[in-house]
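Student: Would you mind keeping the following structure in view while I ask a few things?
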Amino acid sequence: MKSNKLCRMKKKIFLPMLVSLQLLFGSCENNFDPYIYGALLQGEYPSTEQEYVSYMMICYLPYTTVWTYDMGSGGLQHGIHIQSGGAVRMFDSASDICAPATTVGADWERFTKGDYSNCFYYWRGNVDDGSNLNHFPKTAQITRMTEIIGTLEKAPLTALTEEKKNNLLGEARLCRGLMMYFLLHVYGPVPVILDPEKVIDPEALSNTVRPSLDEMAQWITDDLEFAAKNAPETAPDLGRYTRDYARFCLMKHCLNEGEHMEGYYQRAMDMYNELNTGKYDLFKTGSTPYVDLFKNANKFNKEIIMAVSCSPAADGNPKHGNANPFLMWALPSDVAKGDPFPMGGGWFQAFSMDKKYYDAFESNDGRLKTIVTSYKDKNGVIINKDNLGVRWNGYIMNKFPQETMTTFQGTDIPLARWADVLLMYAESLIELGENLQEAVDVINKVRERAFLTTSPTDSYATYRAFNIIDPITKEEFEKNYKVKIDDDLRKAVRHERRVELAAEGLRYYDLMRWGIFVEKIRAFYKTPEGIATEKGSNISENTWPYPIPQAEIDKVGGALVQNDNYK
């Protein structure tokens with residue numbers, strides 16, 4: 001669980017000042033193809049509907065999958081969805097999904113073990129020295145988004161209709177809310193500027209008071225709520241955000257913060273009801289539906305609420321669209337060309353699946369077909385589980401397979417899937433103590449797509465409680481079964497999220513919400529005999545995973561107070 005100390009903190013954090021706007025900037029429209037626009041002249045730009053659309057599209061830059069982007073404030077940054085420096089590395093590789101990267105090098109090995117001590121030194125530089133994980137300058141980019149929102153709010157009706165203005169504001173505020181959401185889960189609460197009138201106010205820009213967890217959670221909610229009511233119902237261009245994506249994000253946010261924010265579990269349920277209109281369903285086509293779900297032939301199928309729309313022609317250059325470089329980071333470099341990897345090996349295997357994680361799948365789970373447990377190297381030698389930790393780190397996650405003979409793949413990166421919605425719905429039912437039979441049914445829908453049958457709960461206790469075997473009184477139910485059934489169902493939904501959503505950048509959020517993140521990380525530090533090492537024992541329950549980089553603290557002469565346990 002999140003530390004209560006963080007809820008009460010009023011610490012100081014530096015928020016960089018926005019000194020100017022970009023004169024030339026890239027944007028993303030029509031499936032996120034890049035455009036270059038002319039000079040930004042005060043009083044002249046934006047003035048037409050198309051110019052306001054282009055101006056709003058700046059807010060999407062952090063959500064593109066190019067190597068780096070620059071919004072004009074905060075400097076060069078890695079995007080939130082680029083796996084090499086965004087959600088997968090931050091939230092999956094440093095969890096129980098990935099095996100420690102012992103074959104790669106010290107920096108990656110520490111990180112995949114959940115050892116963040118070297119994060120003190122992370123700072124975006126001009127060399128690839130492992131310093132590019134510092135996302136703290138994104139606080140300044142929230143200020144940039146707030147400035148854009150203020151400009152949109154003041155747009156005259158001669159340029160934008162009220163409906164179009166609200167649509168654009170919905171997209172911009174969803175982008176801003178998601179940026180706050182990301183930063184909250186990396187560093188904890190950070191000071192942000194959300195009032196357009198204060199984006200050039202020296203006093204506001206120098207504010208270093210850290211908000212409480214409740215305050216920041218509410219700010220995120222406010223942006224997501226606005227987007228859920230005002231963003232476009234249908235995406236104007238493939239990959240642009242919609243009300244349904246806002247509803248999905250709000251559902252996840254409310255579930256994450258439901259323990260300390262009153263009414264949030266019910267709000268998550270409300271979002272499910274708004275999404276459950278028949279528009280979305282699990283993808284079940286073919287003999288291997290879970291495998292085919294992610295392939296190029298099935299882009300934006302009925303399960304996909306939102307995805308990063310990628311192109312096989314992309315190469316990391318912002319001019320060439322979004323790339324999906326996942327396998328470049330997930331394949332050992334010595335993989336031979338051939339089935340199932342026609343392009344051969346990657347750069348190095350920073351991302352892999354730990355054998356313990358793999359072993360928790362049921363043996364007949366159809367989702368196992370996305371995991372490769374042996375491969376042939378360039379010399380024709382078969383590399384298997386006997387070589388783990390020596391020749392390769394863990395099994396290969398092949399969820400986004402090589403389908404084209406290009407360095408990077410054009411496979412879309414899912415951001416919101418109906419399977420995720422169903423499992424969040426089941427979890428909300430359990431937390432609210434409502435209609436537990438419905439929770440069982442929903443979990444089983446996801447399992448059935450993977451060719452599994454009943455949910456792995458204590459079936460006798462569950463069905464007895466639902467009066468299917470012997471009717472029992474409410475008092476007997478409460479006394480003898482409810483706690484056990486709730487526990488069984490929580491285990492069931494957690495298991496399904498574990499195997500359904502691997503390598504989609506979500507594991508950390510789940511583990512933190514369930515209060516078991518530290519437990520899972522500590523497991524990496526155990527000896528083969530199961531004894532915790534000294535370092536593993538020192539990982540605190542109150543540790544927020546990422547320290548603020550020392551360079552940020554030095555900027556303000558040490559006035560910035562470090563997160564707990566990194567002081």
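The values are calculated or read from the model by the stated rules, or taken from the named source; none is laboratory data. Note that the structure is predicted; figures quoted are calculated from it, not measured. Every residue, glycine as well, gets a Cβ built from its backbone with ideal geometry; the counts of neighbours run over all protein chains shown. The protein model used for the area step is the full one, side chains on, heavy atoms only, and it has no ligands, DNA or RNA in it. Shrake-Rupley method; radii C 1.70, N 1.55, O 1.52, S 1.80 Å.
Student: Between residue 47 and residue 453, what length in nm is gained on full extension when 0.36 nm per residue of separation is reduced by their alpha carbon distance? Mind dumping the intermediate values first?
Tutor: Working: separation 406, 0.36 × 406 = 146.16 nm, distance 5.81 nm.
Result: 140.4 nm gained on full extension.
Student: Which trypsin sites (Lys or Arg not before Pro) in region 360-426 sit in a loop by DSSP (not H, G, I, E or B) and have at most 14 other Cβ atoms within 10 Å of their own Cβ?
Tutor: Working: sites: 367, 369, 376, 378, 385, 391, 399, 417; in loops: 378, 391, 399.
Hits after loop and neighbour filter: 378.
Student: Next question, about the same structure. Gain in length, residue 201 to residue 384, computed as 0.36 nm per residue apart minus the alpha-carbon separation, to one decimal in nm? Intermediate values should be presented prior to the final figure.
Tutor: On the way: separation 183, 0.36 × 183 = 65.88 nm, distance 5.98 nm.
Full-extension gain reported as 59.9 nm.
Student: Okay, moving on. At residue 277 and residue 208, where each label point lies 7 Å from the Cα along Cα→Cβ, what is the point-to-point distance in nanometres?
Tutor: 4.8
Student: Quick one: compute the contact order of region 278-324, relative version, from alpha carbon pairs under 8 angstrom and 6+ residues apart, as a percent. Display every interim value, and only then the final one.
Tutor: Numbers: 45 pairs, mean separation 12.2, N = 47.
Relative contact order here is 26 percent.
Student: Compute the distance in nm between two label points, each set 7 Å from the Cα along the Cα-to-Cβ direction, one at residue 360 and one at residue 487.
Tutor: Reported label-point gap for residue 360 and residue 487 is 1.8 nm.
Student: Remind me, relative contact order of region 166-285 in percent, using alpha carbon pairs under 8 angstrom and six or more residues apart?
Tutor: Values: 133 pairs, mean separation 30.6, N = 120.
This gives 26 percent for region 166-285.
Student: Find the centroid of the Cα atoms in region 273-342 and in region 71-95, then give the distance between the two in whole Å.
Tutor: Rounded to whole Å, the Cα centres lie 19 Å apart.
Student: Could I ask something else about it? Please give the length that would be gained between residue 237 and residue 437 if that part of the chain were fully extended, namely 0.36 nm times their separation in residues minus their C-alpha to C-alpha distance (nm, one decimal).
Tutor: So the extension gain works out to 68.0 nm.
Student: Excluding residue 352 itself, calculate the net charge of residues whose Cβ lies under 15 Å from the Cβ of residue 352, where each Lys or Arg counts +1 and each Asp or Glu counts -1. Write down the numbers at each step before the final one.
Tutor: Numbers: positive: 89, 113, 355, 356, 385, 391, 399, 507; negative: 92, 96, 109, 334, 354, 359.
Cβ neighbours under 15 Å give a net charge of +2.
Student: Could you sort 253, 495 by their accessible area in this structure, using a 1.4 Å probe and putting the largest first?
Tutor: Values: 253 0, 495 35 Å².
Largest accessible area first, the residues go 495, 253.
Student: List the residues whose amide H sits under 5 Å from the amide H of residue 283, counting only those 5 or more places along or on another chain, with H placed 1.01 Å from N in the peptide plane.
Tutor: Here 303 satisfy the definition.
Student: Can you list the residues, at least 5 places off or on another chain, whose amide H is less than 5 Å from the amide H of residue 417, using H built in the peptide plane?
Tutor: For residue 417, whose amide H was placed from the backbone, the distant partners under 5 Å are 305.
Student: How much accessible area per residue does region 142-289 have, counting only protein heavy atoms and a probe of 1.4 Å, in square angstrom? All intermediate terms of the calculation are to be shown ahead of the outcome.
Tutor: Working: 5320 Å² over 148 residues.
Heavy-atom accessible area per residue stands at 36 Å².
Student: Rounded to the nearest 0.05, what FRET efficiency do residue 565 and residue 313 give with R0 = 56 Å and r taken as the Cβ-Cβ distance? Could you check? All intermediate terms of the calculation are to be shown ahead of the outcome.
Tutor: Working: r = 45 Å, r/R0 = 0.81.
The formula returns an efficiency of 0.80 here.
Student: Quick one: if the Förster radius is 56 Å, what FRET efficiency do residue 369 and residue 551 give, using the C-beta to C-beta distance and rounding to 0.05? Let's see the in-between values first.
Tutor: Working: r = 44 Å, r/R0 = 0.79.
According to the calculation, E is roughly 0.80.
Student: Percent relative contact order of region 67-212, based on C-alpha pairs within less than 8 angstrom and at least six residues apart? Show your work: numbers first, answer last.
Tutor: Values: 157 pairs, mean separation 26.9, N = 146.
Relative contact order comes out at 18 percent.
Student: If you don't mind, another one. Which order do peptides 176-183, 269-276 fall in by mean Cβ count within 10 Å, highest first? Could you put the intermediate results ahead of the total?
Tutor: On the way: 176-183: 23.9, 269-276: 17.6.
Going from most to least packed, we get 176-183, 269-276.
Student: Also, quick follow-up: Please sort 98-105, 428-435 by packing, taking for each peptide the average over its residues of neighbouring beta carbons within 10 angstrom, highest first.
Tutor: Numbers: 98-105: 21.8, 428-435: 17.6.
The most tightly packed comes first, giving 98-105, 428-435.
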